[in-house]
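Structure, as C-alpha cells:
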Amino acid sequence: MKYIIVLGDGMSGRALGELGGRTTLEAAMTPAMDALAKEAELGMASMVPEGMAPGSDTANLSVLGYDPKRYYTGRSPLEAMSIGVDLKETDVSFRCNLVTLSEEEGDYAERTILDHSADEISSRDGAILIDALRGELEKDGWRFYAGTSYRHLLVQEKGRVQELTPPHDILGRKIGPFLPEDPALRAMMEKSYEILSCHPLNQKRRRDGLHPANAAWFWGAGTKPKLPGFQEKTGKRAVMISAVDLLKGIAVCAGMDRILVEGANGGLHTNYKGKAQAAVQALVRDGYDFAYIHVEAPDEMGHQGSARDKIRSIEQIDEMVVKTLVRELQSAGEDYRLLILPDHPTPVEVRTHTAEPVPYLLYDSRRKLPGENTYCEKTAAGTGREWKEGFRLIEHLLQEDLC
C-alpha cells in the first residue's frame with residue numbers, strides 16, 4: 001500500500017456573493033476529485049489547535065501528525081533548516097519577507113503594506129536584494145540568508161523570541177501599529193526601505209509594471225525545532241515534494257527526503273504535473289511508502305484576493321496533480337490511499353489565514369465507500385465527521401483498515 005497526501009495550501013474558504021454563495025472550492029471544476037469523492041470518506045478536520053495562530057507552519061505539522069502544541073517552536077526556524085542554516089540553541093530566526101510598501105512622501109510608519117510577496121518576486125531577484133541588505137545591515141550578532149522568492153531569513157545570535165505580525169495579515173493597512181517594539185528590528189526594517197526603494201532592480205521592476213520589493217518585514221520568530229523522525233513514528237519511508245522552504249524545513253526536521261521539481265516555484269504557474277510525476281516515481285520506482293505533495297498556489301491567490309486565480313489554482317491541482325496521480329498509480333497496479341485537504345482556509349475576502357476546520361477526502365483504491373457527489377466544504381461538513389484534533393487524522397490514513 002502506498003500513501004499520498006495532496007495538500008492544497010489554503011484551498012478552502014468562505015461563501016462569496018460573487019460566486020453565488022459558493023466557495024472557491026465549490027466553484028472550481030474538479031472532476032478528478034469529485035470522482036474520488038463518490039467512493040471516498042469525506043469529513044472535516046481542525047488543523048489549527050485552539051489558541052494558536054492559523055499558519056501553514058502549525059497546520060502542516062498537524063497534517064503530518066505532529067501536535068503543534070507540543071512541537072512548534074516558530075515558523076522561521078523550520079525554514080532555516082530547509083536552507084541549511086545551522087541554528088544554535090540560543091539563536092532566534094526571523095522570517096524576512098520582501099514586501100511592497102506604499103511610496104508616498106511622509107513618515108515610514110504611515111505607509112501601507114500593498115503586497116506581502118512583491119508580485120511573487122523571483123528567487124534570483126530576491127537574493128540580489130537580500131545581498132544589498134546584508135551589505136548595509138548585517139553586523140555582529142545578526143545574519144541574513146537568502147531563501148526562495150520573497151521568503152528569506154534573519155538570524156539573531158542569543159536572541160529573544162517576539163510576537164510579530166505576519167505581513168499577509170495586514171494587507172492594505174498602515175504599518176505603524178504593527179511594527180516591532182524591539183528598537184533594533186524596527187530600525188532595520190525602516191533602514192531596509194531606504195536601501196531597497198532606490199535599488200536599481202526595483203527601479204526596473206517599476207518600469208516593468210511590477211511591485212517593487214522595497215522593504216523587509218520580519219516575523220515568524222522562533223528557536224531550533226526538534227521533531228521525532230517520521231519513519232520512526234509511522235514506519236513509512238517518506239518524501240516531501242514542495243517548492244517552499246517551510247515544508248522542506250519540516251521535512252528536514254522529520255527526517256523525510258525531499259524532491260526538488262524543476263519549475264516548482266510556489267506560485268500560480270508552478271509545475272503541478274511535475275510534482276505528481278515525481279511522487280509516482282518515488283512511490284513506484286524508488287521504494288518510498290509515503291509522499292506529501294504540497295501546492296502553495298491556492299494560498300498565494302487567497303492572499304492576493306483573487307477568486308478567479310484561486311479557482312484556477314484549484315482546477316490545476318485537480319487536473320494536473322490528482323488526475324495524474326490516479327491515472328499513473330492505477331497504470332502501475334499500485335494499491336494506494338490518497339488524502340486530499342487544505343492545511344487551513346485562506347478566504348479571498350480577508351486575504352489571510354483563518355482557523356476554521358478544513359474539508360478532507362480520503363480515498364482507498366481497494367475499498368469503495370458510499371461517498372458524496374462532490375468534494376467541497378459543504379459536502380464534507382454534511383457528513384458529520386470531524387477530527388477535533390487534526391494531527392490524529394494521519395493515523396486514520398495509515399491504519400490497516402478504514403472503518
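The values are calculated or read from the model by the stated rules, or taken from the named source; none is laboratory data. Just so we're clear, the structure is a prediction, and the values are computed from it rather than from any experiment. Ideal geometry is used to build each Cβ from the backbone, glycine not excepted, and the neighbour counts take in all protein chains shown. Just the protein is used for accessible areas: all its heavy atoms, side chains included, with ligands, DNA and RNA removed. Shrake-Rupley method; radii C 1.70, N 1.55, O 1.52, S 1.80 Å.
Here are some notes:
- What the phi angles of the range 331-337 give under the Karplus curve with 6.51, -1.76 and 1.60, with θ = phi - 60°, is a coupling list of 4, 7, x, 8, 7, 8, 10 Hz, glycine and proline written as x.
- Placing +1 on the Cβ of every Lys and Arg and -1 on the Cβ of every Asp and Glu, with nothing else charged, gives the chain a dipole about its Cα centre of roughly 560 debye.
- Where labels lie 7 Å past Cα in the beta-carbon direction, separation of residue 257 and residue 52 in nm: 2.8 nm
- Karplus 3J(HN,Hα) series, Hz, for the range 80-97 with 6.51 cos²θ - 1.76 cosθ + 1.60 (x for Gly, Pro): 4, 4, 5, 8, x, 6, 8, 6, 7, 4, 9, 6, 10, 9, 10, 5, 10, 6
- Two-site label geometry, residue 136 and residue 401: point separation in nm, points 7 Å out along Cα→Cβ: 6.7 nm
- FRET efficiency for the pair residue 366 and residue 386, taken as 1/(1 + (r/R0)^6) with r the Cβ-Cβ distance and R0 = 25 Å, rounds to 0.50.
- Sequence-distant lysines (8 or more away, or on other chains) whose Cα lies within less than 22 Å of residue 248: 2, 69, 88, 224, 226, 233, 236, 273, 275
- Amide proton proximity set for residue 38, modelled H, under 5 Å, gap of 5+: 372
- Taking trypsin sites (Lys or Arg not before Pro) in DSSP loop states with no more than 13 other Cβ atoms inside 10 Å as exposed sites, the chain has its longest site-free stretch at 1-87.
- Here the Gaussian network model covers the chain, with springs between Cα atoms less than 10 Å apart; of 319, 157, 181, 181 fluctuates the most.
- Backbone geometry of the range 230-239 corresponds, through the Karplus equation with coefficients 6.51, -1.76 and 1.60 at θ = phi - 60°, to 3J(HN,Hα) couplings of 5, 5, 4, 6, 10, x, 10, 7, 10, 9 Hz, x marking Gly and Pro.
- Long-range HN-HN contacts of residue 2 with modeled amide H, under 5 Å: 335, 336, 337
- Considering only 210, 64, 362, the Gaussian network model of the chain with Cα springs below 10 Å gives its largest mean-square fluctuation to 210.
- Around the amide H of residue 258, modelled in the peptide plane, lie the amide H atoms of 240, all under 5 Å away and 5 or more residues distant in sequence or on another chain.
- Residue 192 accessible area, 1.4 Å probe, all protein chains in place, Å² to nearest 10: 0 Å²
- Remark: the residue 105-residue 67 segment gains 9.0 nm on full extension, using 0.36 nm per residue and subtracting the alpha carbon distance.
- Extension gain, residue 332 back to residue 90 (0.36 nm per residue minus Cα-Cα distance, nm): 82.2 nm
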